[in-house]
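Participant: Below you'll find the structure I mean.
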Amino acid sequence: MTTLTFHELTDLADPQSADSALIPTIHELVVQQNLRSMGHTDLVTPLETRRQAMLGSEYTTRLSFVAERGGEVVGMLHMSLPQKDNRSLVYVDTVAVDDDVEILDALFRLADEVARKNDRSILSTWEPHRGEPEAGDPNALEAPTGVGRIDASEPLPALYLKHGWKLEQTERYSVLPLPAPSDLLARLHAKALAKAGAEYEIVHWQDHTPEEFLEGHASLQRAMSTDVPHGDLEIEETVYDADRILYFEKRIAEEDRGYVLFAARHIPTGDLAGFTRIEYAKAYQEPCFQEETLVKKEHRGHALGMLVKTAAIAELAVVRPGVKRLHTWNAGENSYMLDINVALGFEKRGIESAWQKKLS
Ligand SMILES: CC(C)(COP(=O)(O)OP(=O)(O)OC[C@H]1O[C@@H](n2cnc3c(N)ncnc32)[C@H](O)[C@@H]1OP(=O)(O)O)[C@@H](O)C(=O)NCCC(=O)NCCS
């Protein structure tokens, strides 16, 4: 067997570089990985978006390596290192041709090495699973949160365990088939509107936050990093301010992506009380992604989550008329969010396991 070699991609900023020329091959590895694990490619970043998405920024350093064997690219390791917060953490993404365990094993070792070199002590990642083993299955590994099981005898979980990673949490992966029935949306929206009462109004925008809401958008985004259930995953509050929102929107545009955002504004204080943001890649017509949804603690219990979600989903039919599927991931124990999603018609399609490894 020819030996594996690793090559760091240091020249991705130049679209004409030899490193950039490897991106279509990496993309194809990811496409094949998604077809194996999910049976579809909705979650694959479009090729034309990938190079931009792989570039680092003042907020996140991104390191990419390819594994080569006999001159062929057979695997990739991508690592994201937050720079303004979570400076112990590094997010890890691996892919290998045919999920080859020997290649992944080498990429896991490389990830440890790169993390140490960069003074990062916690490695973090997510892994998709189409199904869950039954409770009582001798191979079932349950998350410490008590919600969600994976089959620990499958090659990937077995590899994580071998390398000292720990399963910390699971998320439910669900999809809402679109267009959603308009009578259901209208009924849920009217009910939420009645519960919200006269103190809240809906505001919304697409791709660019109006200046008056920049700080409000940033404060909601900060709360997202602490208020969402994280089990025992080590995650600190993300540093988010108006500049970072503007930076996020610049990147969205550069990556040929877009978003719609609906927020509930508390009229007496002018505060943005809650929001939901749906994102999409412009190169794909059919899939879109339910990203953030949050209501600030002091505004909960007024059905604002349902209010903004029903409004945003209705708007999607206008701004993305070809859209067919809205993908989302929610912590298995997040009953408040899951209740809203189930009422909206989201269907469970699998789970995602959240893993962390602490380097000694
Ligand atoms: C999901 C979420 C937006 C729902 O908030 P909401 O729209 O205010 O929820 P509802 O109005 O439907 O609340 C129904 C009841 O649950 C309570 N509730 C809602 N979210 C709660 C939470 N996270 N913790 C404790 N109680 C909560 C409400 O106070 C209300 O109680 P009441 O009936 O006694 O008045 C909110 O829980 C939240 O922001 N969670 C944190 C962010 C998050 O997890 N987002 C999803 C990421 S995938």
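Participant: Filtering region 1-34 down to residues that are open to solvent by 40 Å² or more (accessible area, probe 1.4 Å) and of a type in the set (S, T, Y), which residue is nearest to E68 (Cα to Cα)?
Facilitator: The residue in question is T5.
Participant: Does E292 satisfy the criteria of being within 11 Å of the ligand (Cβ to nearest atom) and open to solvent by 50 Å² or more (accessible area, probe 1.4 Å)?
Facilitator: Working: within 11 Å of the ligand (Cβ to nearest atom): yes; open to solvent by 50 Å² or more (accessible area, probe 1.4 Å): no.
Answer is no for this residue.
Participant: Among (1) assigned to a loop (DSSP other than H, G, I, E, B); (2) out of contact with any Ser or Thr (no Cβ under 7 Å at 6 or more places or on another chain); (3) open to solvent by 30 Å² or more (accessible area, probe 1.4 Å), which single condition is A180 missing?
Facilitator: Status for A180: all satisfied but (3).
Participant: Within region 114-124, count every residue that is buried (at least 19 other Cβ atoms within 10 Å of the Cβ) and under 22 Å from the mean Cα position of the chain (by Cα).
Facilitator: Applying the first criterion (buried (at least 19 other Cβ atoms within 10 Å of the Cβ)) to region 114-124 yields 114-115, 120, 123-124.
Within this subset, residues satisfying the condition of being under 22 Å from the mean Cα position of the chain (by Cα) are 115, 120, 123-124.
Residues meeting the conditions: 4.
Participant: Looking at A264, A314, A303, which is the one that is away from the ligand (no atom under 16 Å from the Cβ), closer than 17 Å to K191 by Cα and either in contact with a helix residue (DSSP H, G or I) (Cβ under 6 Å, 6 or more places away or on another chain) or outside the structural domain of H208 (by TED's automatic domain parsing) (or both)? Full working, then the answer.
Facilitator: Values: A264 fails: away from the ligand (no atom under 16 Å from the Cβ); A303 fails: away from the ligand (no atom under 16 Å from the Cβ).
Criteria check complete, one pass: A314.
Participant: Being open to solvent by less than 30 Å² (accessible area, probe 1.4 Å) and assigned to a loop (DSSP other than H, G, I, E, B) is the filter here, so list the residues in region 35-55 that pass it.
Facilitator: If the condition is that a residue be open to solvent by less than 30 Å² (accessible area, probe 1.4 Å) and assigned to a loop (DSSP other than H, G, I, E, B), then M38, D42, V44, P46 are the ones that fit.
Participant: For E48, state whether it is charged (D, E, K, R) and modelled with pLDDT under 95. Break it down stepwise before answering.
Facilitator: Details: charged (D, E, K, R): yes; modelled with pLDDT under 95: yes.
So E48 fits the description; yes.
Participant: Just one of G274, G231, G258 is under 21 Å from L316 (Cβ atoms) and within 16 Å of the ligand (Cβ to nearest atom); which is it? Give the steps one after another, and end with the answer.
Facilitator: On the way: G231 fails: under 21 Å from L316 (Cβ atoms); G258 fails: within 16 Å of the ligand (Cβ to nearest atom).
Just one listed residue meets the conditions, G274.
Conditions (1) in a helix (DSSP H, G or I); (2) open to solvent by less than 50 Å² (accessible area, probe 1.4 Å); (3) not assigned by TED's automatic domain parsing to the domain that holds I122, marked per residue:
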position: W205; (1), (2), (3): no, yes, yes
position: T209; (1), (2), (3): no, yes, yes
position: L214; (1), (2), (3): yes, yes, yes
position: S225; (1), (2), (3): yes, yes, yes
position: G231; (1), (2), (3): no, yes, yes
position: E234; (1), (2), (3): no, no, yes
position: E237; (1), (2), (3): no, no, yes
position: L246; (1), (2), (3): yes, no, yes
position: K250; (1), (2), (3): yes, no, yes
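Participant: Quick check, is V101 in the same structural domain as H40 (by TED's automatic domain parsing), crowded, with 19+ Cβ neighbours inside 10 Å and in contact (Cβ under 8 Å) with a residue 12 or more places away in the chain? Steps first, please.
Facilitator: Details: in the same structural domain as H40 (by TED's automatic domain parsing): yes; crowded, with 19+ Cβ neighbours inside 10 Å: no; in contact (Cβ under 8 Å) with a residue 12 or more places away in the chain: yes.
Judged against the criteria, V101 is not a match.
Participant: Considering only region 152-174, state which residues are surrounded by fewer than 18 Cβ atoms within 10 Å (Cβ to Cβ) and part of a strand (DSSP E or B).
Facilitator: Scanning region 152-174 gives a single hit, K166.
Participant: Among the listed residues R265, R244, which satisfies the condition of being among the basic types (K, R) and out of contact with any Gly (no Cβ under 9 Å at 6 or more places or on another chain)? If you could, list the steps in order and put the result at the bottom.
Facilitator: Numbers: R265 fails: out of contact with any Gly (no Cβ under 9 Å at 6 or more places or on another chain).
Of the residues listed, the single one that is among the basic types (K, R) and out of contact with any Gly (no Cβ under 9 Å at 6 or more places or on another chain) is R244.
Participant: Please work out if I351 is part of a strand (DSSP E or B) and surrounded by 22 or more Cβ atoms within 10 Å (Cβ to Cβ).
Facilitator: Numbers: part of a strand (DSSP E or B): yes; surrounded by 22 or more Cβ atoms within 10 Å (Cβ to Cβ): yes.
It is true that I351 is part of a strand (DSSP E or B) and surrounded by 22 or more Cβ atoms within 10 Å (Cβ to Cβ).
Participant: Going through region 110-123 one residue at a time, which ones are part of a helix (DSSP H, G or I) and touching a residue at least 12 places away in the same chain (Cβ under 8 Å)? Let's see the steps before the verdict.
Facilitator: Initially, region 110-123 is screened for residues part of a helix (DSSP H, G or I), giving 110-117.
Result: L110, A111, D112, V114, A115, R116.
Participant: OK, next. Among the numbered criteria (1) of a type in the set (D, E); (2) modelled with pLDDT of 95 or more; (3) not in a strand (DSSP E or B), which single criterion is violated by E68?
Facilitator: Looking at each condition in turn, E68 falls short on (3).
Participant: Continuing with this model, one more query. More than 16 Å from L178 (Cβ to Cβ), over 19 Å from the mean Cα position of the chain (by Cα) and among the hydroxyl-bearing types (S, T, Y) - does that describe any residue in region 340-357?
Facilitator: No, region 340-357 has no match at all.
The values are calculated or read from the model by the stated rules, or taken from the named source; none is laboratory data. As the structure is a computational prediction, the values presented were derived from the model and not from experiment. Positions of Cβ are backbone-derived with ideal geometry, glycine not excepted, and every protein chain shown enters the neighbour counts. Areas reflect the complete protein model, heavy atoms only, side chains present, ligands, DNA and RNA absent. Shrake-Rupley method; radii C 1.70, N 1.55, O 1.52, S 1.80 Å.
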